[in-house]
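**Q** Structure provided below as C-alpha cells; questions to follow.
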Amino acid sequence: MLVYIHCSGFGGGSWPDHSGAAAEFVCLPPDPNLTTKFTSSKAFMYGAEYDVPGFGHHNGDDLPCVVCRRTTQSSVLMIPGKNNCYSGWTEQYHGYLAAGLFNSPAATQYICLDEHPDVLTAGERNDNGKWFYPVKAVCGALACPPYHNNMYLTCVVCTK
C-alpha cells in the first residue's frame, strides 16, 4: 500500500561535502507543505542522484523513491549482503546495497536500492546532491570467505 499517493516521491538528503549535514537519505513527498517562517539557511535538502552509471542510469539522473506500508505485515528488515529473505519472511524487493561516497565529509547510511531502479522524468542534469554508490566488500575485519574482496553487496527488504 502506497503512503505517498502520487506515484512516487523525490529522493533527497544533504550535500556530500557538508561535514555537519544530516546523514540519512529521505524520501520527500510529491506534494510538500512549505513555509516562509524562518530566515536562517543553516541546513539544506538536496535532491538525490545516481553518481555512477552502474545502476543502469546515467551520471546525474535523479533518484525517485516511494514510501510504502504493508497492512498485513508488521516488521520490516533490510538485510545487507542477501538477495532473498530467510524462511518465514516475505520479500518486498531486492537489489543493491548503496551508500554515499566513502571519503565525502558528510555522513550517509546504507540503503537497499531496487534491482531495477527508476529515474525521475526530466531529472538527468548532473547537479550533484545526495550521491549513491554501490557498496563493495573489503576483506580484513570483514570475514573473507564468506565475503569476497571488491565484490559488490546485494540487499533485500523483508517483512514479517
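The values are calculated or read from the model by the stated rules, or taken from the named source; none is laboratory data. What you see is a predicted model, and the numbers here were worked out from it, not measured in a lab. Don't worry about glycine lacking a Cβ; one is built from the backbone with ideal geometry, like all the others, and counts go over all protein chains shown.
**Q** Give me the residue from the stretch 103-122 that is among the small types (Gly, Ala, Ser) and either in contact with a Gly (Cβ under 8 Å, 6 or more places away or on another chain) or without any contact (Cβ under 8 Å) to a residue 12 or more places away in the chain (or both) and, out of that set, surrounded by the fewest Cβ atoms within 10 Å (Cβ to Cβ).
**A** Per the stated criteria, the residue is 122.
**Q** Considering only the stretch 84-97, I want to know if a residue exists there that is out of contact with any helix residue (DSSP H, G or I) (no Cβ under 6 Å at 6 or more places or on another chain), under 21 Å from residue 23 (Cα atoms) and either not acidic (Asp, Glu) or not in a loop (DSSP other than H, G, I, E, B) (or both).
**A** yes
**Q** Now, a different point. I'm checking my understanding of the structure. Among residues of the stretch 64-88 that are crowded, with 18+ Cβ neighbours inside 10 Å and of a type in the set (A, V, I, L, M, F, W, C), which one is farthest from residue 130 (Cα to Cα)?
**A** 85
**Q** Can you work out which of the residues in the stretch 123-160 that are surrounded by 12 or more Cβ atoms within 10 Å (Cβ to Cβ) and among the polar types (S, T, N, Q) is farthest from residue 97 (Cα to Cα)?
**A** Ranking the qualifying residues of the stretch 123-160, first place goes to 126.
**Q** Taking the residues in the stretch 5-41 that are at pLDDT 75 or above and charged (D, E, K, R) as candidates, determine which candidate is nearest to residue 101 (Cα to Cα).
**A** 17
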